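The values are calculated or read from the model by the stated rules, or taken from the named source; none is laboratory data. Nothing here was measured: the structure is a model prediction, and the numbers come from that model. Don't worry about glycine lacking a Cβ; one is built from the backbone with ideal geometry, like all the others, and counts go over all protein chains shown. Keep in mind that these areas ignore ligands, DNA and RNA; they rest on the heavy atoms of the full protein, side chains included. Shrake-Rupley method; radii C 1.70, N 1.55, O 1.52, S 1.80 Å.
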Amino acid sequence: LIELLNYIQMKKMRLFYAVAMALFTLTFSSCDEDALQSLTGGGDDTVAALKEALTIGAQVASNKLGAENGYLNDEKVRIVMPEELQTMLELANTDAGKTFLSAVGADAFIGKTLDTLINRAAEQAAPEAAGIFADAITSMTVQDGEAILFGADNAATQYLHDKTYSGLQTSFGKVVTGTFDQVSVSGHTLNEAWSGFTTYYNKVADFKSTTGGTLAMAALKIGLNKAGKSDLYDKINGIQHVNTNLGEYVTGRALDGLFTKVADKELEIRTDVAARTSSLLQKVFGRLD
């Protein structure tokens, strides 16, 4: 009797599951596309939310880096000096280097001022970045919003970087180079300071091959070796005329800083409910929770 009752119960359960699955299939095969998208998050909504998050990130990045010392005092995005400038400053900070530069007549370049000016130029240009980024984001075609949404913490920013970086170098580059005659420190604009520096740097490059330069280089080698800076001598010995395009250099580093801040904001939106400031962001990024 017990076995018979168990058999009947099993048959009833199988019938229940069969009917339930039939109803489920019938229901979802007849519902419209919008209903199905609402269950999966919605492809259009996902793309729209990703673009909204990137636009917010670009605005925040533009505001932060466009403030006074936005680049200069932020070690994460501060624009380091071009290699030529770093080499000359390092040389000028040694006794042997000071003697050498004096012999060249190249001891008056304003290296520290240039360091400040380069970052000031990026700060001056940053407020214009939000609009340029917004245009790039709007025109960007996102092929797989779901993969980006459920990807790395900076997946959307990296996608934007890969799709728009070269174009941004051109559009944002015009803004950056436009600041070179506007920013000024100690009475020098960036263009003036860079021109002065390259003149002195090129003097060093030319001086090495002269008779006096050969003797000066020999004395420099002895002095730097005593100071434990033989690697610096190798740098000086190998320098040629300046080949850095300052506009491209500052633009590239400024863009890197902006993308860093956009990624920071993306991470915040992904992980902090309070950062999702619209119903769309709450709906789409809430799926990550």
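Annotations for the structure displayed:
- Comparison of Glu68, Glu75, Glu83, Glu90 shows that the only residue that is over 26 Å from Lys163 (Cα atoms), without any contact (Cβ under 8 Å) to a residue 12 or more places away in the chain and either in contact with a Lys or Arg (Cβ under 8 Å, 6 or more places away or on another chain) or not polar (S, T, N, Q) (or both) is Glu75.
- Check on Ile118, touching a Pro at 6+ places or on another chain (Cβ under 9 Å), open to solvent by less than 40 Å² (accessible area, probe 1.4 Å), touching a residue at least 60 places away in the same chain (Cβ under 8 Å) and of a type outside the set (D, E, K, R): yes
- Residue check for Ala136: closer than 15 Å to Tyr201 by Cβ and of a type outside the set (Asp, Glu): no
- Being surrounded by fewer than 16 Cβ atoms within 10 Å (Cβ to Cβ), out of contact with any Asp or Glu (no Cβ under 6 Å at 6 or more places or on another chain) and under 23 Å from Met81 (Cα atoms) holds for only one residue in Thr214, Thr198, Thr170, and it is Thr170.
- Taking region 138-160 as the range and being open to solvent by 60 Å² or more (accessible area, probe 1.4 Å) and in a helix (DSSP H, G or I) as the test, the residues that pass are Thr138, Ser139, Glu146, Gln158.
- Region 183-211, residues that are in contact (Cβ under 8 Å) with a residue 60 or more places away in the chain and either touching a helix residue (DSSP H, G or I) at 6+ places or on another chain (Cβ under 7 Å) or among the aliphatic types (A, V, I, L, M) (or both): Val183, Val185, Ser186, His188, Leu190, Ala193, Trp194, Phe197, Tyr201, Lys203, Val204, Phe207
- Pair list, Cβ under 7 Å, 6 or more apart: region 143-159 residue over 13 Å from Gly57 (Cα atoms), other residue surrounded by fewer than 16 Cβ atoms within 10 Å (Cβ to Cβ) and of a type outside the set (A, V, I, L, M): Gly145/Gly43
- Condition met for Leu101 (buried (at least 17 other Cβ atoms within 10 Å of the Cβ), in contact with an Asp or Glu (Cβ under 6 Å, 6 or more places away or on another chain) and of a type in the set (A, V, I, L, M, F, W, C)): yes
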